[in-house]
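The values are calculated or read from the model by the stated rules, or taken from the named source; none is laboratory data. Quick caveat: nothing in here was measured; it's all calculated off a predicted structure. Note that each Cβ is placed from the backbone with ideal geometry, even for glycine, and that neighbours are counted across all protein chains shown. Accessible surface areas use protein heavy atoms only, side chains included; no ligands, DNA or RNA. Shrake-Rupley method; radii C 1.70, N 1.55, O 1.52, S 1.80 Å.
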Amino acid sequence: MTYSTLTIRDRVARLNLNRTEVHNAFDDNLIAELNLHLNQLHKLAENGDVRVTVLSSEGKSFSAGADLNWMKRMVDYDLEGNVADSRKLAALMHGLDTLPCPTICRVQGAAFGGAVGLAACCDIVIASDKAKFCLSEVKIGLVPAVISPYVQRAIGNRQMRRYALTAEIINAVTALKLGLVHQIIPHNDLDEAVDSMLEVLRAGSPQAQKIGKQMFSQVEREPDSPETREYTCQMIAKLRVSQEGQEGLSSFFEKRRPVWTSSEEHNNAAEPRS
């Protein structure tokens with residue numbers, strides 16, 4: 001059975017969860033499907049066939065986190081089986097976090113457990129005013145382990161300690177204050193807001209967005225090392241002499257739209273000129 005879909009139109013990918021009968025909860029089958037989709041998306045985004053990816057889901061809830069039947073099965077796994085299973089979820093989070101194109105997470109309702117990790121892995125989170133979040137793992141004797149690097153990066157260590165230890169419900173307004181969410185939208189206007197953000201992102205240079213995501217990760221790891229400073233100097237110099245960089249500067253001074261905003265755009269990610 002297919003629990004998710006990947007559709008691509010006009011170089012926008014839409015990755016959609018569709019297990020509404022269990023509120024889009026994760027199990028091993030859904031995780032395997034999403035990893036396959038993400039592997040495909042990495043290739044498509046790398047060669048420019050996908051400009052932006054939208055992560056969404058069907059139904060009332062964004063995702064309830066781990067599926068209860070899957071959790072019951074995992075009780076019988078030995079340590080090695082549990083580690084292997086967790087690595088697949090870790091691959092999902094890493095794959096989403098490192099997609100070489102901008103990502104938008106559309107959250108229409110409850111996002112619990114691992115679903116908070118999905119949101120934290122996306123570049124932009126647009127939430128309905130009905131959305132709510134919860135790091136619920138401690139209530140069943142667990143911790144948000146695999147998702148913790150991404151959630152803690154989004155909300156900070158201090159807030160992570162509170163919400164991971166208490167499993168409090170985080171409403172949309174609080175999620176915005178914490179930095180987990182970027183925009184809160186009236187529920188019926190959610191799709192319009194996502195489409196509007198898509199247009200904003202498509203106005204940017206595909207090459208700059210892809211390289212920017214790589215750079216942000218490097219700067220986060222070592223924000224003030226000599227290696228990072230040299231890395232950023234090399235990066236901006238290469239972009240300035242690249243084909244897209246030259247086009248961006250030329251279009252700005254000539255007061256016209258850059259070629260990547262046209263219907264004929266193609267992300268060529270050209271090599272820097274010598």
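For the structure I just gave you, tell me whether Val173 is open to solvent by less than 70 Å² (accessible area, probe 1.4 Å), in a helix (DSSP H, G or I) and out of contact with any Leu (no Cβ under 9 Å at 6 or more places or on another chain). So Val173 does not fit the description; no.
For the residues Ile104, Ile31, the requirement of being closer than 28 Å to Gln214 by Cα, assigned to a helix (DSSP H, G or I) and among the β-branched types (Val, Ile, Thr) singles out Ile31. Looking only at residues of the range 97-106 that are in contact (Cβ under 8 Å) with a residue 60 or more places away in the chain and within 9 Å of the chain's Cα centre (by Cα), we find that the one that is surrounded by the fewest Cβ atoms within 10 Å (Cβ to Cβ) is Thr98. Restricting attention to the range 70-80 and to residues that are assigned to a helix (DSSP H, G or I) and at pLDDT 85 or above, the residue that is least open to solvent (accessible area, probe 1.4 Å) turns out to be Trp70. The set of residues in the range 1-28 being surrounded by fewer than 17 Cβ atoms within 10 Å (Cβ to Cβ), in contact with a Ser or Thr (Cβ under 9 Å, 6 or more places away or on another chain) and within 22 Å of Lys72 (Cβ to Cβ) consists of Thr20 alone.
For the range 135-142, the count of residues that are open to solvent by less than 10 Å² (accessible area, probe 1.4 Å) and β-branched (Val, Ile, Thr) is zero.
The set of residues from the range 151-173 being more than 15 Å from Ala119 (Cα to Cα), in contact with a strand residue (DSSP E or B) (Cβ under 9 Å, 6 or more places away or on another chain) and not aliphatic (A, V, I, L, M) comprises Tyr163, Glu168.
Checked across the range 44-55, the condition of being surrounded by fewer than 19 Cβ atoms within 10 Å (Cβ to Cβ) and in a helix (DSSP H, G or I) holds for at least one residue.
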